[in-house]
Amino acid sequence: MATRSSEDFVSGDPGEPAVEGAPAAGVVLATRALPEPSLSTLLPEFDVRVLGYGPNEDELAAEIEDVDALITLVSDPVTERVIAKARKLKIVANYAVGVNNIDRAAAAARGIVVTNTPGVLTDATADLTMALLLAIARRVVEGDRMVRAGGFAGWAPDLLVGRELRGKILGIVGPGRIGRAVARRARGFGMTVIAFGRSPRAEDDPEDPPRVSFDELLRRSDVISLHVPLNEETRGMFDRDTLLRMKPGSLLINTARGGLIDEAALVVALESGHLGGAGLDVYENEPAVLPALLDSDRVVLMPHAGSATAETRREMARMVVEDVRRVLSGEKPLRAVPPESSRR
Ligand code: GLV
């Protein structure tokens, strides 16, 4: 059996039959290798190609013509132009829950299915949200830097004094799967949780936080955590005006999408002291990060790692492979994202 790996794929190479003498059952293009086992092992009957780098729109368009299934990351731009170049594409399987990198309307217009990996990364992302919240509230990264730099000169009453979570109000923007998982954790720390979102509160779920208006959430929350998808409605939701309406001294946590926040306005709100701090896992122009954020002790920064646990990433790979195989075998995928859905 001749299979390929990320190491030996040469972009543009026509590919060999997966089984000697038998034509490959289709071409699967992944932009990056996924956690082991390799895609070639999981999909032996297909011609699996792995680019091994993050393609831009032109690079993806140049690779897509004879591809039947495309496996993408959140940073891969599956635009209308890329989709227009595909002659055989049946599925774009995003190795992520968010699908804002894919033009779903263009895919739907060509009968191409878009799938994602919902549910399995809920706990991992909620854990990282709490990690950022605790890190910023208790100045963990500042403390780490201080100790490493030899700056720990002994216990002192005013050393790295932070904030307590107990008794504080957490405002969840987007009480979906991840937002509710954060709410559960935050209650364990003694926080009261309120939420703003378009889904009504599930009356039979006592853990589902009560809904309030956006204005009330901004006014009352000591901490706001974002869990909405990025779309035309939510882009720049936390702009200068919104940030100014947040409670003075409050904290902002974002493990959803960078485009929800106007980063330049966030820097101003932090520098003026209006906001107490921010914990960010995602950025407006990833992987670029505003230098002013890099220089600030009031922020804790992570490199878009919400789902980055070994367990979750393995399960995401399994889901992606399962739906690719189903669609290329003529079956319905298990996790199709509707064209107009904006779920994250
Ligand atoms: C990560 O950001 C994801 O959407 O899965």
Filtering region 72-82 down to residues that are open to solvent by 40 Å² or more (accessible area, probe 1.4 Å) and away from the ligand (no atom under 16 Å from the Cβ) yields Glu80, Arg81
With respect to Pro291, is the statement that it is modelled with pLDDT under 95, more than 20 Å from Ala124 (Cα to Cα), open to solvent by 20 Å² or more (accessible area, probe 1.4 Å) and away from the ligand (no atom under 16 Å from the Cβ) true?
-> no
Residues of region 206-219 that turn out to be in contact (Cβ under 8 Å) with a residue 24 or more places away in the chain and either open to solvent by 70 Å² or more (accessible area, probe 1.4 Å) or of a type in the set (D, E, K, R) (or both), as a count = 5
Taking interchain pairs and intrachain pairs at least six residues apart, which have beta carbon atoms under 6 angstrom, with the first residue in region 92-107 and open to solvent by 10 Å² or more (accessible area, probe 1.4 Å) and the second near the ligand (Cβ under 8 Å from one of its atoms)?
-> Tyr95/Met316; Asn101/Val74
Collect the residues in region 252-274 that are open to solvent by less than 10 Å² (accessible area, probe 1.4 Å), without any contact (Cβ under 8 Å) to a residue 40 or more places away in the chain and polar (S, T, N, Q), keeping them in residue-number order.
-> Asn254
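From the list Ile169, Ile178, pick out the single residue that is touching a Lys or Arg at 6+ places or on another chain (Cβ under 6 Å) and among the hydrophobic types (A, V, I, L, M, F, W, C). First the steps, then the outcome.
Values: Ile178 fails: touching a Lys or Arg at 6+ places or on another chain (Cβ under 6 Å).
Sole residue among the options that is touching a Lys or Arg at 6+ places or on another chain (Cβ under 6 Å) and among the hydrophobic types (A, V, I, L, M, F, W, C): Ile169.
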Give region 160-177 a look and list any residue that's open to solvent by 10 Å² or more (accessible area, probe 1.4 Å) and not in a loop (DSSP other than H, G, I, E, B), or say none.
-> Ile169, Arg177
Going through region 2-27 in order, the residues found to be under 24 Å from Ala308 (Cα atoms) and either at pLDDT 95 or above or surrounded by 14 or more Cβ atoms within 10 Å (Cβ to Cβ) (or both) are Ser5, Ser6
Scan (1) within 25 Å of Met130 (Cβ to Cβ); (2) assigned to a helix (DSSP H, G or I) for the single condition Arg326 breaks and write down its number.
-> (1)
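One line per residue, one yes/no per condition, for (1) outside any helix (DSSP H, G or I); (2) within 16 Å of the ligand (Cβ to nearest atom); (3) farther than 26 Å from Thr234 by Cα; (4) open to solvent by less than 20 Å² (accessible area, probe 1.4 Å):
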site	(1), (2), (3), (4)
Tyr53	yes, no, yes, no
Glu59	no, no, yes, no
Val67	yes, no, yes, yes
Leu70	yes, no, yes, yes
Ala84	no, no, yes, no
Val114	yes, yes, no, yes
Asp127	no, yes, no, no
Ala131	no, yes, no, no
If you check Ala30 against the conditions, is it more than 19 Å from Gly111 (Cβ to Cβ), without any contact (Cβ under 8 Å) to a residue 24 or more places away in the chain and open to solvent by less than 50 Å² (accessible area, probe 1.4 Å)?
-> no
In the list Ala265, Ala305, which residue meets the criterion of being of a type in the set (A, V, I, L, M) and within 16 Å of the ligand (Cβ to nearest atom)?
-> Ala305
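The values are calculated or read from the model by the stated rules, or taken from the named source; none is laboratory data. Here the structure is a predicted model, which means the values were calculated and not measured. We place every Cβ from the backbone using ideal geometry, glycine too, and count neighbours over all the protein chains shown. Surface areas here come from the heavy atoms of the whole protein model, side chains and all, with no ligands, DNA or RNA. Shrake-Rupley method; radii C 1.70, N 1.55, O 1.52, S 1.80 Å.
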